[in-house]
Amino acid sequence: RVNAVAYAGEGSSLLVSASYDTTARCWDMRSRNAAPVQILEGAADSLSAVAVCGAEILTASVDGVLRTYDARAGSRTADTLGAALTHVALSGDGHCALAGSLDGSLRLLDRSNGTLLNRYSGHTNRQFKLGACLSHDDALVLSGSEDGSLYVWDLVEARLQARIPAARGAVTSVACDPRRLE
């Protein structure tokens, strides 16, 4: 079962899937071959999310580990966050990763060394895979919540800026328009 997919960037034919079987698989969408071009292993539990930044593939796993695979170098690094991870998103410059988890918090990590830069909480996330993202200018962190609201925090101060009622059930997906400059 595939839990998430991500393209490797604009104009790329590489699609990466994150699966229940603990693997991330890279697929060449131009090829007529149905086999993956690369299989990335190492997780102890299901992969719930995937993000791609150049030649690097980030996976979020239920085992609580955010892994970065360098497809060119053939290396893997791991940042153990503890709680089951349900989402990963990248900053616009690719230097930071935002990881969502079932402990009801989001963590912003420096991708170069795994340092925890900030933690965002206040929303409810105990049961579902909720989406999160950074605003077009990386100034805000946005996340859905199981209470039916959209939460917005200041990136630097981690201060809650807004709680916007949005649905009767959980808000499971969030996206920002990368071209909007307001």
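The values are calculated or read from the model by the stated rules, or taken from the named source; none is laboratory data. All values reported here derive from a predicted model rather than from experimental measurement. Here Cβ is always computed from backbone atoms with ideal geometry, including for glycine, and neighbour counts include all displayed protein chains. Calculation scope for accessible area: heavy atoms of the full protein, side chains included, ligands and nucleic acids excluded. Shrake-Rupley method; radii C 1.70, N 1.55, O 1.52, S 1.80 Å.
Per-structure values
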{"read-out": "Cβ-Cβ under 8 Å pairs, at least 6 apart or on other chains, segment 103-127 side touching a residue at least 60 places away in the same chain (Cβ under 8 Å), far side part of a strand (DSSP E or B)", "value": "none"}
{"read-out": "Selected residue [within 26 Å of SER145 (Cα to Cα), aliphatic (A, V, I, L, M) and touching a residue at least 24 places away in the same chain (Cβ under 8 Å)] from ALA97, ALA78", "value": "ALA97"}
{"read-out": "Single condition LEU134 does not satisfy, out of (1) under 18 Å from the mean Cα position of the chain (by Cα); (2) farther than 23 Å from SER48 by Cβ; (3) hydrophobic (A, V, I, L, M, F, W, C)", "value": "(2)"}
{"read-out": "Selected residue (only one of ARG72, ARG30, ARG1 is charged (D, E, K, R), more than 21 Å from TRP153 (Cα to Cα), modelled with pLDDT under 95 and in contact with a Phe, Trp or Tyr (Cβ under 9 Å, 6 or more places away or on another chain))", "value": "ARG1"}
{"read-out": "Spans of strands (runs of 3 or more DSSP E) in segment 51-127 with at least 1 residues acidic (Asp, Glu) and open to solvent by 30 Å² or more (accessible area, probe 1.4 Å)", "value": "56-61, 65-70, 75-80, 105-110"}
{"read-out": "Meets criteria (open to solvent by 30 Å² or more (accessible area, probe 1.4 Å), closer than 18 Å to GLY94 by Cα, of a type outside the set (Gly, Ala, Ser) and modelled with pLDDT of 90 or more) for VAL156", "value": "yes"}
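Yes/no per residue for (1) at pLDDT 95 or above; (2) in contact with a Cys (Cβ under 7 Å, 6 or more places away or on another chain); (3) closer than 26 Å to SER12 by Cβ:
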| residue | (1), (2), (3) |
| --- | --- |
| ALA55 | no, no, yes |
| SER61 | yes, no, yes |
| CYS96 | yes, no, yes |
| GLY122 | no, no, no |
| ARG126 | no, no, no |
| LYS129 | no, no, yes |
| SER135 | no, yes, yes |
| TYR151 | yes, no, no |
